[in-house]
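S.K.: Let me give you the structure first, and then I'll get to my questions.
The values are calculated or read from the model by the stated rules, or taken from the named source; none is laboratory data. Fair warning: this is a prediction, and the values are worked out from it, not measured in the lab. Glycine also receives a Cβ, built like all others from the backbone with ideal geometry; neighbour counts cover every protein chain displayed. In case anyone asks, the SASA skips ligands and DNA or RNA and just uses the protein heavy atoms, side chains included. Shrake-Rupley method; radii C 1.70, N 1.55, O 1.52, S 1.80 Å.
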Amino acid sequence: YPDLVIPLVERYIKDGDLETIAIMPDFFGANFYTRGFVVSDPESPLGTAMAAPPADLELTLEFPYDPKSYTKLLLDIHKKYDGPEILATEFGFATKEELPPQGFDVKMPKGLVINDPDRVRFMKGYIEAALEAYKQGVNLSGMMYWSPTDNLEWTLGLGNHFGLIHIDQATQAR
């Protein structure tokens, strides 16, 4: 454990724990939504506190859009853990969607298209960022978008939509 963290976790560490967890897993699962921004905070147990992102970073509805940090994360995992197979187990974001003027018609779900250019652009940026890491030697074997359908989000409830398939909250039409 890092020296800074030991006082926070040492009461939970039992004899044999490090030997038990010190194994090489089949793959490294990496969730990524954005990087965090911190400022010094001597009152905090870790000496930092969350801060607002730089004003020049574009935002999704919740997170800074930062594909360069995604490339960096994948490269850092690759270097720190001796080149493991990496699965991008989650990446995603809420965006402003443009619903069609006719609304939802459950009789013609395949005809319903939501204009969602920001999601397309953001996804493309993160996929290209992952490809860049792959080209630099990262053993990236897959990416999974969060989430296939809209759902209850931990921090946003039902208000914003992460899903590739939009769900109308009032009717549950997809």
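S.K.: As a test of reading the structure, rank Leu140, Leu131 by solvent-accessible area (1.4 Å probe, protein chains only), most first.
M.R.: Details: Leu140 25, Leu131 80 Å².
Order by accessible area, largest first: Leu131, Leu140.
S.K.: Of Lys14/Lys72; Lys14/Lys68; Lys80/Lys135, which pairs sit farther than 28 Å apart, going by alpha carbon to alpha carbon? Could the numbers behind the result be given before it?
M.R.: On the way: Lys14/Lys72 34 Å; Lys14/Lys68 39 Å; Lys80/Lys135 18 Å.
The answer is Lys14/Lys72; Lys14/Lys68.
S.K.: Ordering Tyr33, Tyr81 by accessible area with a probe of 1.4 Å, largest first, what comes out? Provide the component values of the computation, followed by the final result.
M.R.: Details: Tyr33 55, Tyr81 100 Å².
Result of the area sort, largest leading: Tyr81, Tyr33.
S.K.: To continue, here is another question. Can you tell me the accessible area per residue over the chain, all protein chains present, probe 1.4 angstrom, in square angstrom?
M.R.: Details: 11670 Å² over 174 residues.
Solvent-accessible surface per residue comes out at 67 Å².
S.K.: Pairs of Cα atoms under 8 Å, at least six residues apart: use those to get the relative contact order of segment 1-152, whole percent.
M.R.: Taking the mean separation of contacting Cα pairs over the length of segment 1-152, I get 25 percent.
S.K.: At 4 °C and 1.567 mPa s, what whole-number value in µm²/s does Stokes-Einstein give for the translational diffusion of segment 133-174, with Rh from the Kirkwood sum over Cα pairs?
M.R.: 106 µm²/s
S.K.: Whole-Hz ³J(HN,Hα) for each residue in segment 117-124, computed from phi via Karplus 6.51 cos²θ - 1.76 cosθ + 1.60 with θ = phi - 60°, x for glycine and proline: what do you get?
M.R.: Per residue, the Karplus-derived 3J(HN,Hα) values read x, 5, 4, 4, 5, 5, 4, 4 Hz.
S.K.: Let me know the whole percent of all Cα-Cα pairs from segment 27-166 that are separated by more than 21 Å.
M.R.: Working: 5146 of 9730 pairs.
Distances greater than 21 Å cover 53 percent of the Cα pairs.
S.K.: How much of the accessible area of the chain, in percent, comes from carbon and sulfur atoms when a 1.4 Å probe is used?
M.R.: 59 percent
S.K.: How large is the accessible surface of Phe28 in square angstrom, using a 1.4 angstrom probe and rounding to the nearest 10?
M.R.: 60 Å²
S.K.: For segment 1-88, what's the radius of gyration and Dmax over Cα atoms, in angstrom?
M.R.: In Å, with Rg to one decimal and Dmax whole: 16.6, 48.
S.K.: What does DSSP give for the chain in terms of the percent of beta bridges that are antiparallel, rounded to the nearest 5?
M.R.: Percentage antiparallel, nearest 5: 40.
S.K.: Please identify which residues in segment 117-143 have an amide N closer than 17 Å to a label point set 7 Å out from the Cα of Leu156, following the Cα→Cβ vector.
M.R.: Inside the label zone: 117-126.
S.K.: Ranked from the most accessible area to the least, with a 1.4 Å probe and all protein chains present, what is the order of Ser69, Ser40, Ser141?
M.R.: Of Ser69, Ser40, Ser141, the descending order of accessible area is Ser40, Ser141, Ser69.
S.K.: If I model a spin label as a point 7 Å beyond the Cα along the Cα-Cβ vector, how far apart are those points for Tyr1 and Asp41 in nm?
M.R.: 2.1 nm
S.K.: What ³J(HN,Hα) values, in whole Hz, does the Karplus curve 6.51 cos²θ - 1.76 cosθ + 1.60 give for segment 7-18 when θ = phi - 60°, with x put for Gly and Pro?
M.R.: x, 7, 10, 4, 5, 8, 7, 10, 3, x, 4, 5
S.K.: Residue-wise, which Karplus ³J(HN,Hα) couplings in Hz belong to segment 149-154, taking 6.51 cos²θ - 1.76 cosθ + 1.60, θ = phi - 60°, and x for glycine or proline?
M.R.: 10, 4, 7, 6, 9, 4
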